[in-house]
Amino acid sequence: MPKLTIDGKEIEVADGLTILQACEEADVEIPRFCYHERLSIAGNCRMCLVEMERAPKPVASCAMPAGEGMVIKTNTPLVKKAREGVMEFMLINHPLDCPICDQGGECDLQDQSMAYGLDGTRYTESKRAMAEQNLGPLIKTEMTRCISCTRCVRFTTEVAGVHELGQTGRGEDAVIVSYLGAVVDNEMSGNIIDLCPVGALTSRPYEFNARPWELRKTQTVDVMDAVGSNIRVDVRGREVMRVMPINNDDVNEEWISDKTRFIWDGLKTRRLDTPYIRANGSLKPASWSEAFEAIAAQVKKSDAAKMAALVGDLNGAEEIFAFKTLMDSLGVENIDCRNEGSNVRPEWAGRAGYIFNSSINGIEDADALLIIGSNPRLEATVLNSRIVKAVNHNELAVAYIGEQTHYTYPAQHIGNGAESLNELLKGKHSFAKTLKDAKNPMIIVGQGAFIGDDAKAIFETIATLANDIGAISDEWNGLNFLQTAASRVAALDLGCVPKDKKINVASILAKSKAGELDMLFLLGADEMKLCDLDNSFIVYMGSHGDVGANSADVILPSAAYTEKNATYVNLEGRAQQGIKATFAPGDAKEDWAILRALSTHLGQQLPFDNLDELRIKMYQEAPQLANIGSLDAADISAFAKIKISGDISSTPLVSTITDYYHTNPIARASKIMDDCKAAKVIAKSEATGTNG
């Protein structure tokens, strides 16, 4: 570990650190534009110049390794003059349009020109103008402002794993462009807006909407997938204006998916703001009491055996617990949360049988990865970037079983169906040796692997393979199950699966369509067809007018995820608390409060009167939900006892996400998501030459 002196202070740093990183450890601020701790070093901007003893000129601290005995000075007249000169060059062509720039108030160039620049310029020549780039519906470009830091280029290549941007030209003709003028359509493209240190890349949907000092900022949790990305919701008045990432090294680092970032306009449209009751074939507004009485009257006429309940994908643990408790009190046994059609059951291997056991961070420790029935790029976009990172930095070997698709990293295709697992078990495929030779082999299993009747046999075969290759041990559990819904792990923790093992969401909907169900309760559940709900009395509780609401006989309007305090359990089993950022519209209320009021009308009053009391009851039933922010390893003992007890079919395994931009009611209400989907279709047709 080298020792060096920074501004007269001796410090010892880890091997491999740069001078800039060493200065940060010594609490010395170094300005920078191109450097970013999660991207490769470019050394473009030279703003990080420092003086090094015996060096003939200032050195770029971001690109110079820290060495033994170095004497670094960051506050000398030479350094000050060098930084002022760099800043003067930066501003030669930069337009003076700060008053109309969306980056205003959050601009690195503004901040650093105030701290390190001059109060004037010696250049009187005309400023350079650059043509704008069409990067799609999400990113607004003003390339005249670009300072060629190349952060956006490095991000798309190194983090998102796609080659979409590059720099062409030299000198004043240098410009960042997309390849062949195509739009940027990777699922993490919005992060380059945050990375851009000037106003060259800004949010197109947010353009001219608000200034940062007008916004009230609330840290909460994303529900667009099961990763549980930490986010900041920015609100003006009662309106959500934008969603930004919050750094959490254990979960999402500092990235979020485009769906997470740009979903905010869907929170404003197609909202349910008053109860409705269906009368004479059409929905009519009603009071809460009228809606509750209509439900109570139908419950009295119905048999519990002919009632069922479905839990949606965006619910917090509190309302799931209240919903399950109410259904139990009514004697309803057919309650399910596996809306994508998965047949996984908690009793197969306990909690370890449905969570991401190695943790998201554990991906970076793996040296061989097998993906089964999943496309992480669509199912867990931010998690997919960790795989890209492991491939780039650790040479992670990847193979997959399922439909042939385009991953954002090299991946060997083993086969379409789960029968390929038998080839690996018998060592007939070359990747079997790769897995066995790996120190930390990893398996990621998507819910697409468990759609068919052979789900249990596939689960047993995967567990057997994991034991055989050493993926499960006391030191390492590399058998991971990738959930796609924010509510799924909490719902499984709370037992939201039918007691009858032959019943699942598909059979419940089939019974409803056949008229064999008297009542069907939907807690934000919308992932079905309207015709499947025609012949039952439907009670829908949710925030948006989607499939469930359109088929409902009674609608109970509830709060969206930004409008309530709730606990969300991500795919690792990590409980995180979402914080209320704004208020629900009209008469809409938080789900648990609606269920508490409904229980009184049904004569089955729930045993809590406020959120704190509810959580105490919930923690008694599922203690792991009280461990906010932390991660506890699940018991893996059941895997050692699993034996293969059935045959596997040759049915191809497919991802459960077929329409990335329309996976939930909020997304389907979002015009921005519609624009993204349209741009994706156009980009695909141009790439394949099928656009006529």
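The values are calculated or read from the model by the stated rules, or taken from the named source; none is laboratory data. Predicted model only: the values in this text are computed from it and were never measured. Cβ placement follows ideal geometry from the backbone for every residue including glycine, while neighbour counts extend to all protein chains displayed. Only protein heavy atoms, including side chains, enter the accessible area calculation; ligands, DNA and RNA are left aside. Shrake-Rupley method; radii C 1.70, N 1.55, O 1.52, S 1.80 Å.
Quick notes
- With N counted as the residues of the chain, its alpha-carbon radius of gyration over 2.2 N^0.38 Å works out to 1.04.
- Amide hydrogen neighbours beyond the local backbone of Asp526, cut-off 5 Å, H modeled: Asp313
- Crossing angle, helix 455-469 versus the chain [Cα axis fit, 0-90 degrees, rounded to tens]: 40
- Tilt relative to the chain, helix 671-688 - C-alpha long axis, 0 to 90 degrees, to 10: 70
- Mean separation of Cα pairs under 8 Å and 6 or more residues apart, divided by the residue count, gives the chain a relative contact order of 15 percent.
- Atom-type composition of the exposed protein surface of the stretch 350-455 places 42 percent of the accessible area on carbon and sulfur (1.4 angstrom probe).
- Shape of the stretch 352-408, Cα gyration tensor, a/c cut at 1.5: rounded
- Virtual spin-label span in nm between Glu88 and Arg38, 7 Å along Cα→Cβ: 3.7
- In loop segments of the stretch 104-180 as defined by DSSP, the trypsin sites (Lys or Arg not before Pro) with at most 10 further C-beta atoms inside 10 Å of their C-beta are Arg122, Arg170.
- Over 19 Å apart at the Cα level, from the set Lys57/Lys80; Lys300/Lys617; Lys499/Lys643; Lys389/Lys677; Lys217/Lys389, are Lys300/Lys617; Lys499/Lys643; Lys389/Lys677; Lys217/Lys389.
- Which of Ala368, Leu421, Ile503, positive extreme of dipole for the chain (C-beta unit charges): Ile503
- Per residue, the chain reaches -8000 deg cm²/dmol at 222 nm when only DSSP H runs of four or more residues are counted, each adding -39500 (n - 2.57).
- Most tightly packed first, judged by the mean number of other beta-carbon atoms within 10 Å of their residues, the peptides 201-208, 358-365 read 358-365, 201-208.
- Only protein atoms count toward the accessible area here, which uses a 1.4 Å probe; on the stretch 180-302, the carbon and sulfur part of that area reaches 49 percent.
- Listed by chain and number, the aspartates and glutamates whose C-alpha is less than 18 Å from the C-alpha of Lys428, apart from same-chain residues fewer than 8 away, are Glu419, Asp437, Asp468.
- Each Lys and Arg contributes +1 and each Asp and Glu -1, all at the Cβ; summed about the Cα centre of the chain, the dipole is approximately 780 debye.
- Looking at the stretch 436-531, the GluC sites (Glu not before Pro) that sit in a DSSP loop and have at most 16 other Cβ atoms within 10 Å of their own Cβ are Glu475, Glu516.
- Å² of accessible area per residue within the stretch 127-230, as computed with a 1.4 Å probe and no ligands counted: 37
- Magnitude of the charge dipole for the stretch 58-131, about its Cα centre and with charges confined to Cβ atoms of Lys, Arg (+1) and Asp, Glu (-1), is about 380 debye.
- Whether the stretch 522-586 is rounded, prolate or oblate, judged on the alpha carbon gyration tensor where a/c under 1.5 counts as rounded: oblate
- Accessible area (Å², per residue) of the stretch 1-41, counting only protein heavy atoms and a probe of 1.4 Å: 49
- Peptide ranges 366-376, 626-636 listed from the most packed, as the mean C-beta count within 10 angstrom indicates: 366-376, 626-636
- Cα centroid separation, the stretch 275-310 to the stretch 223-262 (Å): 36
- All lysines inside 16 Å of Lys501 as judged from Cα atoms, apart from same-chain residues fewer than 8 positions distant: Lys456, Lys511
- Fraction of accessible area attributable to carbon and sulfur, the stretch 127-174 (%, probe 1.4 Å): 49
- Tilt relative to the chain, helix 611-621 - C-alpha long axis, 0 to 90 degrees, to 10: 70
- Once the 1.4 Å probe is applied to the protein heavy atoms, the stretch 410-476 comes out at 41 Å² accessible per residue.
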